[in-house]
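Derivation of every value follows stated rules applied to the coordinates shown; laboratory data play no part. Since the model is a prediction, treat every value here as computed from it, not as a measurement. Positions of Cβ are backbone-derived with ideal geometry, glycine not excepted, and every protein chain shown enters the neighbour counts.
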Amino acid sequence: MDVNFLLDSAKKVCGVEYDKDLAPRLGVKPSAISNYRKNVSHPDPVVCATLAGLTGVPLAKVLGVIGEARAISREEKAVWRKLAATAMALVIGVGLASPAHVQAAEPGHSSAHTLYIMRNG
């Protein structure tokens, strides 16, 4: 996954074909997206959060991908790659630990006033 993947995914979700049409949704100028694609500059944390929200990719993963692209040394790139991998492992772990379904605390009540309780166990 790289910045181009994130931008292309955001375009798909937004139903736009061109980067110039994605730019306002990210709150940037079209030239910024061009610079992201050319690795001239990188999305700031606000744009990263917007990309995460649009694409469904966890923010920590987006920040890891962008941090790795921004990093200069091999060691620094490895740290950002590890952050991104850790974020994905957490997402998967939380998903697997969540119950497959939840039950009403007091069955038989109207669904308009049903209280749901989730617990690990």
Exercise for the section: Check whether at least one residue in the stretch 41-59 is more than 22 Å from residue 86 (Cα to Cα) and touching a helix residue (DSSP H, G or I) at 6+ places or on another chain (Cβ under 7 Å), and report yes or no. Expected result: yes
Handout entry: Any helices (runs of 4 or more DSSP H) falling wholly within the stretch 20-88 and containing at least 1 residues that are closer than 14 Å to residue 10 by Cα and small (Gly, Ala, Ser)
Key = 45-55
